[in-house]
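A.B. asks: Take a look at this one; I'll ask things after.
Computed from the coordinates by the stated procedures, all read-outs in this text should not be read as laboratory data. Model, not experiment: these values are computed from the prediction. For neighbour counting, all protein chains shown are included, and Cβ atoms are generated from backbone atoms with ideal geometry for every residue, glycine included.
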Amino acid sequence: MARRGRVVIDRELCKGCFLCIRACPLKILEEDSQPNSTGTYPSKAVYMEKCIACGNCYEVCPDVCINIYELTGAEGSAGVAGVISAGRGL
Ligand code: SF4
Ligand code: SF4
């Protein structure tokens, strides 16, 4: 079974550089249509079900806004197996 992940982006810390969008091999991330409190349009995970927890988005984020969790279990009932990459939120 392919590895599955969940990406959590701190939209208040995000500065909208979109390096993570370019780095994602599965095109999961896009620009959010809603700005954060600073008026920045942050990155957003829109196709989370495709995430393979590769860590690319975390690696390129200059502001450490991203946490990645590896998931276990069947689709729709996934538990968290572990943190692949921990941003500032942990
Ligand atoms: S962990 Fe990998 S597949 Fe998942 S959103 Fe980040 S770059 Fe894309
Ligand atoms: S790389 Fe980091 S700061 Fe840049 S858009 Fe993605 S989450 Fe935001």
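A.B. asks: Determine the sum of side-chain charges near P42: Lys and Arg each +1, Asp and Glu each -1, restricted to other residues whose C-beta is under 14 angstrom from that of P42.
C.D. replies: Net local charge, P42 excluded: -3.
A.B. asks: Using θ = phi - 60° and the Karplus curve 6.51 cos²θ - 1.76 cosθ + 1.60, what whole-Hz ³J(HN,Hα) does each residue of the stretch 31-37 get, with Gly and Pro shown as x?
C.D. replies: Values, residue by residue: 6, 5, 7, 10, x, 7, 5 Hz.
A.B. asks: Let me ask you something else. Could you list which residues have their amide H under 5 Å from that of C51, counting only those 5 or more apart in sequence or on another chain, with H placed in the peptide plane?
C.D. replies: Amide H neighbours of C51: G5.
A.B. asks: Then there is this: Starting from the Cα of E30, step 7 Å along the direction of its Cβ; do the same at Y47; then give the gap between the two resulting points in nm.
C.D. replies: That separation, rounded to one decimal, is 1.0 nm.
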